[in-house]
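Each remark here refers to the structure printed beneath this line.
The values are calculated or read from the model by the stated rules, or taken from the named source; none is laboratory data. Just so we're clear, the structure is a prediction, and the values are computed from it rather than from any experiment. Every residue, glycine among them, receives a Cβ derived from its backbone with ideal geometry; neighbour counts consider all protein chains shown.
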Amino acid sequence: MAPIRSRVFTTLRRVVRATRPVDSRTRAALDRRWSELPEGVKTPAQALGRHAVGCEGTHGVFPKCNLTCTPCYHSVDANKVRVDGEHTLREVESQMAFLAAERGPRAHAQLIGGEVSLLSPEDHAAALKIMRDHGREPMSFTHGDFDYDYLRNVVVDAAGRRRFRRVSFAAHFDSLMRGRRGIPRPRRESDLSDYRRRFTEMFARLREEHGVAAYLAHNMTVTPENLDEVSDVVRDVVGMDYSMLSFQPAAFVGDSRRWHDGYRDVDIDAVWQQIERGLGQRVAYGAIQFGEPRCNRTALGFTFGDHWYPFVDADVDAEVRARDDFYAHLGGVNFGGTHPALLAIRVGRVLLAYPRGYVVAARWAGSLVRRCGGVRLLFAALIRREVHPMTFVVHRFMDAADVAPAWAMMQAGTPADDPAIRATQERLAACTYTMAHPETGKLVPACAQHSVLDPDENASLRKLLPLSVATGHDVGVRAQSRQAR
Ligand code: SF4
């Protein structure tokens with residue numbers, strides 16, 4: 001009898017642990033993140049440390065790219081480093097293991113270099129698998145200049161078996177990029193419209209032929225040259241199959257040969273005005289903040305009809321209350337990467353302990369439905385699949401000239417007196433985009449990576465992986481891209 005009871009208790013304990021809403025390692029990572037944040041960003045809207053630890057990215061895993069951009073955030077040696085699958089996989093493994101140990105078992109991570117499609121499909125798929133094995137939800141960062149066959153071979157193996165049920169890609173399209181097949185020198189943003197659409201069509205085909213879902217983000221660098229065209233891009237792209245439109249005002253970082261004047265004139269507000277002009281409406285962003293407002297502005301929502309709606313409107317009390325309760329009771333719950341049945345049990349456990357959550361959720365839903373014109377309208381749109389998730393982001397990197405001294409002083413534990421450097425330190429301390437250095441045991445903000453660490457890292461990689469021993473795939477891709485130009 002006793003062994004049976006013991007087995008029952010063991011099983012029960014396992015079930016309780018498996019259905020715990022927030023993993024204890026995630027909770028510890030969130031608490032640590034919150035305690036490290038500067039006081040100034042600990043606002044009610046702050047998601048870092050309450051719900052998320054922030055995003056992660058790889059570095060030094062495939063620094064090379066086969067397009068040229070102005071500006072380019074990569075250091076001068078990046079394009080002299082051979083793409084080498086073995087190196088990529090080894091580094092991805094080491095960086096992801098470190099991130100998982102330091103930041104908890106779940107996070108979003110970018111597979112970013114360089115250009116990810118210079119990896120062979122096998123290596124690309126293996127890198128995604130490693131990231132998943134470490135609890136990361138990977139997103140491949142690309143210029144989007146590859147063909148359907150490449151995409152299919154990443155997602156489907158040689159025997160025709162699906163490797164992933166879902167993939168995420170962020171495609172960078174803007175007129176500051178040079179060398180894209182078919183349009184090596186776009187003159188204006190609208191020249192790229194067909195290319196933006198074609199990218200999404202590859203994923204529609206992938207879904208149709210192999211049942212693989214995709215989350216697609218559209219990235220664009222903004223300088224004084226193309227700022228006025230942002231509204232046109234928004235108008236054009238919002239109807240395509242992207243779920244995120246992300247804009248990065250240019251910074252003086254990376255390869256200085258590709259810098260132009262005027263980058264400082266393009267701030268987050270200027271880009272946001274363009275987003276609002278493109279949509280012809282206000283785009284409310286105040287309800288949820290990731291990190292520092294000087295780095296990031298994010299508006300999470302959805303489109304329905306010809307309008308965009310935020311999930312939470314900071315001007316409506318019932319919705320703000322729902323956000324606060326979400327952070328307090330559901331913060332840290334892994335919504336994206338959990339089986340729906342398990343997720344339902346986890347949320348159920350939260351509501352069991354906090355039954356008032358039903359009331360709060362109902363009030364939030366009621367308010368949201370009213371903003372959308374009423375339940376009949378919204379329900380009909382949902383049935384007709386006319387409701388699409390759409391997030392707008394502006395992420396403003398910092399200039400290397402500010403980051404280098406700020407980071408050096410932070411490493412020495414010295415707060416800066418200079419207001420500009422002090423502001424840079426505050427932003428670095430609240431960074432939402434982290435890179436791993438297992439060899440030194442450090443987590444590094446992407447700004448510090450690109451401004452301070454990339455030059456030496458790529459100089460070393462250039463010696464380790466010289467171009468002269470290029471892989472067959474690397475050679476093939478370069479030959480293919482030369483032919484196309
Ligand atoms: S510190 Fe740099 S990388 Fe981090 S969130 Fe701010 S701009 Fe982005």
Exercise for review: May I ask you to verify whether residue 106 is more than 15 Å from residue 438 (Cα to Cα) and modelled with pLDDT under 95?
Suggested key: yes
Exercise for review: Return a yes/no flag: does segment 255-271 have any residue that is modelled with pLDDT of 95 or more and among the basic types (Lys, Arg).
Suggested key: no
Check your understanding: Any residue at all in segment 97-105 that is farther than 25 Å from residue 251 by Cα and within 16 Å of the ligand (Cβ to nearest atom)?
Key -> yes
Practice item. Report, by residue number, each residue of segment 444-459 that is within 11 Å of the ligand (Cβ to nearest atom) and either among the charged types (D, E, K, R) or not in a helix (DSSP H, G or I) (or both). Key: 444, 445
Check your understanding: Here is a list of conditions, (1) within 22 Å of the chain's Cα centre (by Cα); (2) away from the ligand (no atom under 16 Å from the Cβ); (3) among the aliphatic types (A, V, I, L, M); (4) at pLDDT 95 or above, and residue 403 meets all of them except one; can you say which number that is?
Key -> (2)
Check your understanding: Here are some conditions: (1) free of Cβ contacts under 8 Å to residues at least 60 places away in the same chain; (2) of a type outside the set (A, V, I, L, M); (3) at positive phi. Residue 261 meets all but one. Which one does it not meet?
Key -> (3)
Point to revise | Test for residue 137: is it of a type outside the set (A, V, I, L, M, F, W, C), modelled with pLDDT of 95 or more and outside any helix (DSSP H, G or I) | key: yes
Review point. So, of the residues in segment 397-433 that are assigned to a loop (DSSP other than H, G, I, E, B) and of a type in the set (S, T, N, Q), which turns out to be farthest from residue 54 (Cα to Cα)?
Key: 414
Review point. For segment 140-164, what are the residues that are within 23 Å of the chain's Cα centre (by Cα) and part of a strand (DSSP E or B)?
Key: 140, 141, 142
Exercise for review: Give me a count of the residues in segment 333-348 that are within 16 Å of residue 18 (Cβ to Cβ) and touching a residue at least 60 places away in the same chain (Cβ under 8 Å).
Suggested key: 7
**Study point:** Per-region count, segment 208-226, residues surrounded by 14 or more Cβ atoms within 10 Å (Cβ to Cβ) and more than 18 Å from the chain's Cα centre (by Cα)
**Key:** 6
Check your understanding: If residue 283 satisfies every condition in (1) assigned to a loop (DSSP other than H, G, I, E, B); (2) within 16 Å of the ligand (Cβ to nearest atom); (3) not acidic (Asp, Glu) but one, which is the exception?
Key -> (2)
Practice item. Output the residue which, of all residues in segment 234-266 that are assigned to a helix (DSSP H, G or I) and more than 20 Å from the chain's Cα centre (by Cα), is nearest to residue 188 (Cα to Cα). Key: 236
Review point. Given (1) in contact with a Leu (Cβ under 6 Å, 6 or more places away or on another chain); (2) in contact (Cβ under 8 Å) with a residue 24 or more places away in the chain, where does residue 57 come up short, assuming only one miss?
Key: (1)
Study note, to complete from the structure: Flagged in segment 1-46 as at pLDDT 95 or above, part of a loop (DSSP other than H, G, I, E, B) and among the hydroxyl-bearing types (Ser, Thr, Tyr), in numbering order, are 43
Practice item. Taking the options 432, 440, 424, 414, name whichever one is more than 16 Å from the ligand (Cβ to nearest atom), modelled with pLDDT of 95 or more and either within 25 Å of the chain's Cα centre (by Cα) or on the phi > 0 side of the Ramachandran plot (or both). Key: 440
